[in-house]
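Chemist: Sharing a structure, written as structure tokens. Questions coming.
The values are calculated or read from the model by the stated rules, or taken from the named source; none is laboratory data. Predicted, not measured: the structure shown is a model, and the values here were computed from it. A quick note on method: Cβ atoms are made from the backbone with ideal geometry, for glycine too, and the neighbour counts reach across all protein chains shown.
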Amino acid sequence: MAERDALQAYLTSAGIQTLIHYPIPPHQQQAYAEWSAQKYPLTEAIHQQVLSLPISPVMTDEQVDAVIAACNHFEMP
């Protein structure tokens, strides 16, 4: 999760908005309370790592290139 947070902060400082979609694994959400005691290590790990990048059919090539360049230039502190 530290890597995701660092990348998110870096991208934010570069003017690139990101989001953490679905921060709670499905089996831990209130709607699935009967599954909350179950353990799904891979699912739980993914939900601590995933970061949504900008994506849109109306993004210009320059905007796409900026997101790619920022991701490629990121270095872990």
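Chemist: Evaluate segment 52-67: report whether one residue or more is surrounded by 12 or more Cβ atoms within 10 Å (Cβ to Cβ) and small (Gly, Ala, Ser).
Modeler: Yes, because at least one residue in segment 52-67 is surrounded by 12 or more Cβ atoms within 10 Å (Cβ to Cβ) and small (Gly, Ala, Ser).
Chemist: Being at pLDDT below 95, acidic (Asp, Glu) and not in a loop (DSSP other than H, G, I, E, B) is the requirement here; does Glu44 meet it?
Modeler: So Glu44 fits the description; yes.
Chemist: Please go through segment 1-34 and pick out each residue that is exposed (fewer than 14 other Cβ atoms within 10 Å of the Cβ), modelled with pLDDT under 95 and assigned to a helix (DSSP H, G or I).
Modeler: Ala2, Glu3, Asp5, Pro26, Gln30, Ala31, Tyr32, Ala33, Glu34
Chemist: Going through Leu11, Leu19 one at a time, which residue ends up being of a type outside the set (Ser, Thr, Tyr) and closer than 16 Å to Ala66 by Cβ?
Modeler: Step by step, each of Leu11, Leu19 is checked, and only Leu11 is of a type outside the set (Ser, Thr, Tyr) and closer than 16 Å to Ala66 by Cβ.
Chemist: Would you please name the residue that is farthest from His27 (Cα to Cα), looking only at residues in segment 47-77 that are more than 17 Å from the chain's Cα centre (by Cα) and outside any helix (DSSP H, G or I)?
Modeler: Among those residues, the one meeting the criterion is Thr60.
Chemist: Does segment 21-64 hold any residues that are closer than 23 Å to Glu3 by Cβ and among the charged types (D, E, K, R), and which are they?
Modeler: Lys39, Glu44
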